[in-house]
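Taken together, the values in this text are just the output of simple stated rules run on the coordinates, not laboratory data. All values derive from a computational prediction rather than experimental measurement. FYI the Cβ positions are ideal-geometry reconstructions off the backbone, even for glycines, and counts take in every protein chain you see.
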Amino acid sequence: MSKEADSTSRLVSQTKNVGYYAGLTFGVGYCLTLIGVIAVIAEIIVRYSSAMSGYGGYVGASIPSWLIASMIFFSIGIICAIYFGFTIIKNSKSARDYGLKIDTIASSVSAFSFMLIFTWIGITIIAAASKLSLFSPICGVVGPILLLVGFRAYRGEVSESKLIGAILMLVSVALIYFVAYRGGLPGLLGGGAGLLGFPWPGPLSSELTLEILALLIATACAVIFAFPILGEELKQSVAGIILSISGILFSVGVIYFNFSAVSAIDQLFSLVGLASWIPGVPRMTLDSIWIMFFGFLLLGISGIIGLITACLPLAISAKQLSTRLEAPRPTAEAAPPKPVAKVKYCTKCGASMSVDAIYCPKCGEKQP
């Protein structure tokens, strides 16, 4: 193995290792944040059930069936989201050991899709009960279904099915983010401003705008990679650069959103303290909110590691390009010299002839 190839191989190995730690911290942080949300809700119910007992009959009687149904779908969506975090951990290890392939991320795509499907079914129920437009919530359900179908087609061997699958995934991302998240969710929640002073999050716990750009670039890369007219080597080079740019944008969004959430944790305490305005309810101090804090912190750290991981392939591409430019071009082997025939010249007319000739082939003079 040449010195340049050995250097590139080591850089690829380092990228896999750093990528594993990025996936590990992201998966753990994602799960920890969701578990923190569940723990906060459970602590509120357990710790302040006695204080709310006076309101129990009224609250219990006023909970409509549609809200209960939506809460059930939200709960299933949270379970799928926690499973999504576990698949990130498992698949990052597989990518480190066996390389990043389309089948490696299959379980993560499925968990992510089902998380969105159940969550948006719950939102659709609330929108229907509130007499709001159902267009955006239904698109939030259809989008992840198309993502599942498109990803399944993209995993096929036929180039035409790959192209169709890539286009379906691109459409699904547009439906999920531009129609459902950008169009319907802010209106349903009463505005598009950031929550508690930090940016509006996407479903991957990244800043929403950067998450949209990252996923659009990644799915556009899938469309390019599915085109049969492009050479395999060219597709690999173009895809590597595009995915690096997508990873950089997503990592910056993860850093921005989650460190903003960490810095605003005191505002979460202030929000919880608003419950003390209810007569008979003491000021709340929730210990389990620190689980969310550490979840946000780990996600922010994963963004830093992910940023390094996304930049390394650019270095690999530059290394490979410089190696190709510096490599000496193979020279054609020199042809063996043709044997020179021995000749003599006529003593009378000067014509050339073989050294064995007795008579000149031109004038017929006998040669000495």
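Structure summary
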{"item": "Spin-label model distance (nm) - L100 vs T209, 7 Å beyond Cα toward Cβ", "result": "2.5 nm"}
{"item": "FRET efficiency, L11 to I44 (Cβ-Cβ, R0 51 Å, nearest 0.05)", "result": "0.55"}
{"item": "Test item: Cα-centred dipole of region 66-179, Lys/Arg +1 and Asp/Glu -1 on Cβ, debye", "result": "140 debye"}
{"item": "Which of M169, M115, M353 has the fewest Cβ neighbours within 10 Å, and the rest in rising order", "result": "M353, M115, M169"}
{"item": "Two-site label geometry, V343 and E365: point separation in nm, points 7 Å out along Cα→Cβ", "result": "1.7 nm"}
{"item": "Least to most buried among I167, I176 (fewest other Cβ within 10 Å first)", "result": "I167, I176"}
{"item": "Gain in span if fully extended, I224 to S130, counting 0.36 nm per residue against the direct Cα distance", "result": "29.6 nm"}
